[in-house]
Amino acid sequence: MSSSSSVQQAREALGKRLREIRRDSGLTARELASRAGWHESKCSRVETGRTLPSDDDLRAYALHCGAGEQAADLIAAVRNIDGTHVEWRRMERSGLRRAQESVLPLWQRTRHFRAYSSWLVPGPFQTPAYIEVLLRAIRDRRSLPDDVAEAVRVRVDKQRVVYEGGRRFAVLLEESTLRHRVGGAQTMVGQLRHLMASAALPNVSLGVIPLGADRSALWPVEDFWIFDEAQVNVELVSAFLTLTQPHEVGMYARTFAGLSRMAVHGSPALDLMEAAIADLGR
């Protein structure tokens, strides 16, 4: 699916949601348009995805349909449509450096980071050697221009956010993340030692969900980041998702809290990392 197709589908989905809100209120499109002071064709254009509504349009929908509590979610949905689904090939068409730089404003304004990963150590806590292996693999897999060295420098430089500005980081890893070999044994040992050192920082909370944890209530999910209470980013095979609707951000926050209760922290988490390091030496 192309990015343009995804955007159009998102616009149509929003229109369908607005139509359901209007119908649930018992209003016809003509009645709503009259109450809001619109041309009578406006509801049709919005509800079919042909016209993207403004913030004021959405407040009017919510107000006149007796659904004022949904206004904030509707506004967030519209503001996020163009950026919700961004294909990697679009983001990385000029190379990996640009993709690394694109998140800098978000990282700089965020004060509370929450990250969950079942595959890889999260970016702020990666060593240069680990980063280089990952980015070279992405370059080769997606046939991208070779700017890996520049992208590694940008990614390493971004890690300053861990040490500046009073930011807090809560990181949850599946134990499998400690055992997925990225690079050789030396690279992984260095990465795990660095992760252990990062866990000792006063602004970093690191939890590891053991392989033997009871997953009856909550199983592994897609890797995600939560930035304050404002945004969630999710990485897919083909694309990068940005979620800003309050109810979606809330769902990920609750999932993070549930996963955190399953994790071990402090010395037990460090013991799991030590065990992974020991196995690398065998």
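Bear in mind these aren't lab numbers, they're just calculated from the coordinates by the rules spelled out. None of the values given here were measured: they were computed from a predicted structure. A quick note on method: Cβ atoms are made from the backbone with ideal geometry, for glycine too, and the neighbour counts reach across all protein chains shown.
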* Calculate the translational D of the chain in whole µm² s⁻¹ from Stokes-Einstein, where the hydrodynamic radius comes from the Kirkwood formula applied to all Cα pairs, the temperature is 25 °C and the viscosity 0.890 mPa s. => 116
* To do: Give the peptides 220-232, 115-127 in descending order of average Cβ contacts within 10 Å, highest first.
  => 115-127, 220-232
* **Contour minus Cα-Cα distance for Ser44 and Met91 (0.36 nm per residue)** => 13.6 nm
* To do: Filter the GluC sites (Glu not before Pro) in segment 4-75 to those in DSSP coil with at most 13 other Cβ atoms within 10 Å of their Cβ, and list the result.
  => Glu40
* Structure fact -> Neighbour-count ranking for Val204, Val156 (other C-beta within 10 angstrom, fewest to most) reads Val156, Val204
* Asked: On average, how much area does the Cα convex hull of segment 1-141 cover when viewed from any direction, in nm²?
  -> 11.3
* What FRET efficiency would be calculated for the residue pair Ala213, Thr28, taking the C-beta separation as r and a Förster radius of 51 Å, to the nearest 0.05? -> 0.45
* Cβ-based net charge around Arg50, under 14 Å, with every Lys or Arg adding one and every Asp or Glu removing one -> +2
* Once the piece of chain linking Met196 and Ile138 is laid out straight, how much longer is it, given 0.36 nm per residue of separation minus the C-alpha distance between them? -> 18.3 nm
* To do: Take the Cα pairs of segment 153-282, get the Kirkwood Rh, then feed it into Stokes-Einstein at 37 °C and 0.692 mPa s and tell me D in µm²/s.
  => 202
* **segment 70-218 shape via C-alpha gyration tensor axes, a/c threshold 1.5** => rounded
* Asked: Per residue of the chain, what 222 nm ellipticity follows from adding -39500 (n - 2.57) for every DSSP H run with n ≥ 4, rounded to the nearest 500?
  -> -16500 deg cm²/dmol
* Structure fact -> Here the Kirkwood hydrodynamic radius of segment 220-282, Cα-based and in Å, equals 13.9
* Structure fact -> Residue separation between Arg79 and Ala257 times 0.36 nm, minus their alpha-carbon distance, gives in nm 61.4 nm
* Asked: For the chain, what is the percent of antiparallel DSSP beta bridges, rounded to the nearest 5?
  -> 60
* Asked: Quick one: if you stick a label point 7 Å off each Cα along the C-beta vector at Arg98 and Ser238, how many nm between them?
  -> 2.1
* To do: Find the Cα radius of gyration of segment 3-80, compare it with 2.2 N^0.38 Å by division, and give the number to two decimals.
  => 1.00
